[in-house]
1. Please find, in a Gaussian network model of the chain (springs between Cα atoms separated by less than 10 Å), the residue of THR172, THR35, THR123 whose mean-square fluctuation is greatest.
2. Can you show me the helix-derived [θ] at 222 nm for the chain, built from DSSP H runs with n ≥ 4 at -39,500 (n - 2.57) apiece and divided by the number of residues, rounded to the nearest 500.
3. Given a 1.4 Å probe, how much area per residue of the range 115-225 is accessible, in Å²?
4. So how do 126-134, 47-55, 173-181 stack up, highest first, on mean other-Cβ count within 10 Å?
5. Suppose a student asked you for the relative contact order of the chain, using Cα pairs under 8 Å spaced at least 6 residues apart; what percent would you report?
6. Sort 189-202, 78-91 for me by packing, meaning the mean count of neighbouring Cβ atoms within 10 Å per residue, highest on top.
7. Rounding to the nearest 20 debye, state how big the charge dipole of the range 14-103 is about its Cα centre with +1 on each Lys and Arg Cβ and -1 on each Asp and Glu Cβ.
8. Assuming 0.36 nm per residue, please report the length gained on full extension of the stretch GLU183 to ARG44 beyond their Cα-Cα distance.
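The values are calculated or read from the model by the stated rules, or taken from the named source; none is laboratory data. Bear in mind that the values here come from a model prediction, so they are computed numbers and not experimental data. Here the Cβ positions follow ideal geometry from the backbone for every residue, glycine too, while neighbour counts run over all protein chains shown. The accessibility values were calculated without ligands, DNA or RNA, using every heavy atom of the protein model including side chains. Shrake-Rupley method; radii C 1.70, N 1.55, O 1.52, S 1.80 Å.
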Amino acid sequence: MISLQEQNSKPSEEKLTVFNIQRYSLHDGSGIRTTVFLKGCPLRCRWCCNPESQSFSRELMYSSFRCIGKDECGFCKKACSGFAVSFDETGRASINFSQCTQCLECAKVCPSKALNGVGSQLTVEEIIREVLRDAVFFRNGSGGVTLSGGEPLAQRGAVSLLREAKKQHIKTAVETCGHVDFEVLKEANHYLDEVYYDLKSLDENRHIEYTGCSNALILGNLINLCKIHSLPITVRTPVIPGFNDNESSLREIENFVGNLCGDIQWQKIPYHVYGAGKYAMLGRIYKME
């Protein structure tokens, strides 16, 4: 993780890796939101619905149904220096992700966009310019910009982005897993109107098993954030089959949240499989099958 002291460039020139900017969002904060999804996350939750957000680097995604086949195209195989592209019996491209070097040369020549490089480097200024296109929806209501991911605060430019949004009188929110340096969270707090904080389990061993990370930093950051954040914090718990979908686990979280100071709300989020298909597109296995 990168500390705030390491930020040397001008805020407007800082770059962030963005994998999506979603307009007219209704579930990422108050009012109508423009949600900026940033790549990179320290967690590897088995149920993650945005697996393309986990890596901090650009990466290849393949939508096989869009492939027009080797007879009409075939450019991807010629462009691949790692010999990761072949063609199946239908003539469509087949990607051996274990050999893929993520050079993304195949995506550059794919006319049907079956092959795509996920993630774009954008400056704070460029992102704010995109967000301001929706300003009419913000200034007549409670909407604004929400940073999501991935873990948005894991990118050092996120705080600069929030700061610049406030300069433009845009209301701000963040969706965080809480696994960040508290100094970053503390600095971001100065520019936030709403915080949505994931709390998946109080059982550290289960948390490590299902997310790849301890929950110690997450719990500590939430306790400390509640002491300094004067605005509402919504704690969200995704209810995951076989992980925390039992009364004792949820009651434990409810009691923990209930004992926090400040204006705290707790939400249980239903499990869904909307992102399951993305795993195959990235050459991965969806572990919640």
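1. Sorting by GNM fluctuation, first place goes to THR123.
2. On the way: 10 runs with 81 residues, N = 289.
Value at 222 nm, helices only: -7500 deg cm²/dmol.
3. On the way: 4120 Å² over 111 residues.
Per-residue accessible area for the range 115-225 comes out at 37 Å².
4. Numbers: 126-134: 17.4, 47-55: 20.3, 173-181: 23.2.
Going by the mean number of other Cβ atoms within 10 Å, highest first, we get 173-181, 47-55, 126-134.
5. 22
6. By packing density, highest mean first, the sequence is 189-202, 78-91.
7. Dipole of the range 14-103, to the nearest 20 debye: 180 debye.
8. Details: separation 139, 0.36 × 139 = 50.04 nm, distance 2.28 nm.
Additional length available on full extension: 47.8 nm.
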